[in-house]
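Notes follow the structure.
The values are calculated or read from the model by the stated rules, or taken from the named source; none is laboratory data. Here the structure is a predicted model, which means the values were calculated and not measured. Positions of Cβ are backbone-derived with ideal geometry, glycine not excepted, and every protein chain shown enters the neighbour counts. Side chains are part of the model used for accessible areas, which takes the heavy atoms of the whole protein and leaves out ligands, DNA and RNA. Shrake-Rupley method; radii C 1.70, N 1.55, O 1.52, S 1.80 Å.
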Amino acid sequence: MSSDASEFDPDRIESYKFPETTYTYSERDVALYALGIGACARDAVDVDQLKFVYHDKGQKFIQVLPTFAALFSLGSLPGGLGLPGLKYDPRLLLHGQQYIELYKPLPSNACLKNTVSLAGLHDKGKAAVLEIETKSYDKDSGALLCMNRTTAFLRGAGGFSKSSHPYSYSNYPKDKVPSVKTPKGQPFVVFEDCTQPSQACSIYFTIARMKVIVSYLLVLALLYRLSGDYNPLHSDPTFAKVAGFTRPILHGLCTLGFSVRAIVKCICRGDPNLVKCISGRFLLHVYPGETLLTEMWLEGLRVIYQTKVKERSRTVLSGYVDLHGLSSSL
């Protein structure tokens with residue numbers, strides 16, 4: 001479905017008020033997320049990653065990976081990306097970019113208040129580009145923890161304005177989130193990781209004597225979709241084929257999680273609180289089971305990265321991570 005130009009009202013769109021929502025999570029959710037993006041999958045006692053799933057060395061709380069913040073934007077739109085006059089087929093939605101600013105270390109459990117606003121909407125003819133901004137506050141203290149800006153590419157939803165003057169709206173300066181070019185020289189470091197074949201799919205289990213017995217085939221994948229993104233594109237073969245893929249694909253935010261986890265491990269030496277902001281542009285899909293190579297270049301306090309699928313020699317994600325500082329052991 002495409003948007004009907006007769007129903008489109010720019011003033012109504014720009015002034016549209018999204019409802020406030022709450023998002024509550026616990027240490028279990030934090031640990032499940034870390035496992036879903038591959039933490040400890042290769043080494044169950046990895047000293048740089050055990051802290052994200054376990055109270056390592058007597059720590060009072062498990063630590064939170066910075067990309068966990070991306071889940072808050074999912075919880076802020078329980079009704080989807082609907083806007084007055086904008087119609088789209090959810091099967092043709094592609095996640096284009098994700099930008100995250102972190103203002104405080106994320107607590108291991110919290111109740112958040114999310115405020116949502118339209119950050120941008122652009123008519124590209126055959127598609128629409130929609131940008132949604134979510135600010136997440138600690139409900140008890142009122143402290144602003146983070147901001148997400150999610151960019152979605154809605155295939156078939158364009159053409160709602162005149163082709164001679166295509167509609168384009170942004171509520172933030174474009175130079176605030178600069179585009180970066182991947183350096184031509186050798187990366188500072190390269191990290192290789194393998195996604196699990198079941199990373200995007202649902203988990204199967206049986207219950208016996210009140211204990212959950214997880215199928216051995218899925219032990220290494222307490223899967224990403226269990227963190228809240230149940231889009232069937234990542235689990236339903238028929239749905240994936242309608243969307244143009246041969247089989248279900250990995251969540252883009254899962255790929256982002258793999259990449260930033262590599263940066264935390266290799267550049268931040270395991271300290272997630274060094275991460276200030278994250279920008280990721282999704283270039284190509286990843287099939288669960290493929291090997292990801294994250295290449296990193298260090299330029300001052302900015303890590304420029306790109307992630308490739310080893311089996312297809314294709315770049316699937318690129319962007320940068322800004323840091324508060326560098327590890328003294330780097």
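Odds and ends about this structure:
- Whole-number accessible area per residue in Å² for region 42-192, which is evaluated in the context of all protein chains at 1.4 Å: 49
- For region 86-153, applying the loop criterion from DSSP together with a ceiling of 16 other beta carbons within 10 Å to the trypsin sites (Lys or Arg not before Pro) yields LYS124, LYS126, LYS139.
- Aspartates and glutamates whose Cα lies under 12 Å from that of LYS162, excluding same-chain neighbours fewer than 8 positions away: ASP4, ASP123
- Reachable lysines from LYS308, criterion Cα separation under 25 angstrom, eight or more residues apart if same chain: LYS181, LYS184, LYS241, LYS265, LYS276
- Distance between region 88-158 and region 25-71 - C-alpha centres, whole angstrom: 23
- Nearby aspartates and glutamates by direct alpha-carbon distance to LYS104 (threshold 20 angstrom, same-chain neighbours under 8 apart not counted): GLU27, ASP29, GLU133, ASP138, ASP140, ASP271, ASP322
- Cross-link table LYS87/LYS113; LYS57/LYS139; LYS124/LYS174, entries beyond 23 Å C-alpha to C-alpha: LYS87/LYS113; LYS57/LYS139
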